[in-house]
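Inspection log for the structure reproduced underneath, given as structure tokens.
The values are calculated or read from the model by the stated rules, or taken from the named source; none is laboratory data. As the structure is a computational prediction, the values presented were derived from the model and not from experiment. Virtual Cβ from ideal backbone geometry, glycine too; neighbours counted across all protein chains shown. Keep in mind that these areas ignore ligands, DNA and RNA; they rest on the heavy atoms of the full protein, side chains included. Shrake-Rupley method; radii C 1.70, N 1.55, O 1.52, S 1.80 Å.
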Amino acid sequence: MELSDRELVQKCQTGEMSAFEELVSRYHQKVYMVILGLLRNREDALEVAQETFFRAYRKINSFQGGSSFYTWIYRIAVNLAIDAQRRQKRNPLDFRESMDGLLESQDEVARDPFADVHDKELRQNLTNAINDLTPEHKAVIVLRTIEGLSYKDIGEILGCSEGTVMSRLHYARKKLQDKLSAFL
Amino acid sequence: MKDCENISESMGRWLDGELSPAESESIRAHVAQCAACREAQRKLEKLQLALEGALMAESKSIEFEPFWRAVQLRIAEKRTWYEDALDWSRGLFTASRAAWAIPALIALLLAVASLESYFPGWRGGAGRNAFAAVDSIDAHGRNVALLREYDSKTTVIWLYEDQEGENETAEEPPPPGPAF
Ligand SMILES: [Zn+2]
């Protein structure tokens, strides 16, 4: 029988490394995606994702279970990603490159949501449109997209109210729609 | 028309499943008979799908094994003494929820400051007129304690949080030690 996140956390707290390994295997891809959505390139995103789990491991004893493990780990991830972004202030081209690569790799996926030419343009322009959002707006869009998290969870992760999540999400979507109106 | 405006405001929440059953039903009913709103719905869904496609596909390229090895390596790295100290002090504050730790710290600092005025030079420093003041400020749910020691012109700023439970978790250190 599969253990719940909470049970795994409890095992981690008694020092069971294999329980932590299981948590990492459950969340590493999603955590990476959240970070990649916020950062400009894959290498940085991978590094920050690994750092996220390292920090989680170090802090696991202070996790008390008042919230779920995933809101906790995403919160660490988002904070580290936003920190990293503010510190680095890299060339904006980086993000475009990585997102282009990202979108290319998508071609290999069987269920390609971009079937026709029109949609190809959509995906090319999506990159720039996402890039133009502020980190706060990127964060809500990415969390909502990757996990379909509730506004309440997203608020918990980002340390803001549900109302703020709602208005940021509304604004971010509107911005993206405006920029991509020709392709939607 | 007014309806359509309201619906466009709530469309995202509706598709996200964040509305009450009654609100959802009223939107559904409107959209069913309004072509303009159906078009708005289609666009929003397409945008969402495009975002999902863009972000999800990439995650499959991250294999577990190398990822986990890197995390393990990081965990096994030798820690410096001050990292241990930071963790220790962080644990202290979590445990106590900062309830007594901050006053205790301030008392300690005050003691140090007044000690200096009684025994000028015990720290090799300048002696007379040592005087310290402590302020506590509550800023946006974060508490700030300020200690000013005029003689040595030292200001100690201490940030701490006294919210429930796990809020300290992901926050990067509000400097976990006094910042001189
Ligand atoms: Zn309408």
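Chains B and A together bury roughly 5000 Å² of accessible surface, counting both sides and using a 1.4 Å probe on protein heavy atoms. With a 10 Å cut-off around each Cβ of A:52-61, the average count of Cβ atoms from other chains is 4. Note on A:Thr134 and A:Gln13: with the Förster distance fixed at 25 Å, the Cβ-Cβ geometry gives a FRET efficiency of about 0.10.
Within the set A:Lys120/A:Lys152; A:Lys152/B:Lys43; A:Lys11/A:Lys174, which residue pairs have Cα atoms separated by over 32 Å? Where the Cα-Cα span goes over 32 Å, the pairs concerned are A:Lys120/A:Lys152; A:Lys11/A:Lys174.
Per residue of B:27-40, other chain Cβ atoms within 10 Å of the residue Cβ number 0 on average. Extension gain for B:Ala76 to B:Glu39 (0.36 nm times residue separation, less C-alpha to C-alpha distance): 7.9 nm. A simple spin-label model places pseudo-atoms 7 Å from Cα toward Cβ; at A:Arg58 and B:His30 they are separated by 5.0 nm.
Mean partner shielding of peptide B:64-75, defined as the number of other chain Cβ atoms within 10 Å of each residue Cβ, is 6. Length available on full extension from A:Ser167 to A:Arg87: 0.36 nm per residue minus the Cα-Cα distance, which gives 26.1 nm.
The value of relative contact order for the stretch A:21-82, using C-alpha pairs under 8 Å at least six residues apart, is 46 percent.
Summed over all non-identical Cα pairs, the Kirkwood treatment of the stretch A:1-93 gives a radius of 13.7 Å. Packing around the peptides B:25-36, A:12-23, taken as the average count of other Cβ atoms within 10 Å per residue, puts them in this order, highest first: A:12-23, B:25-36.
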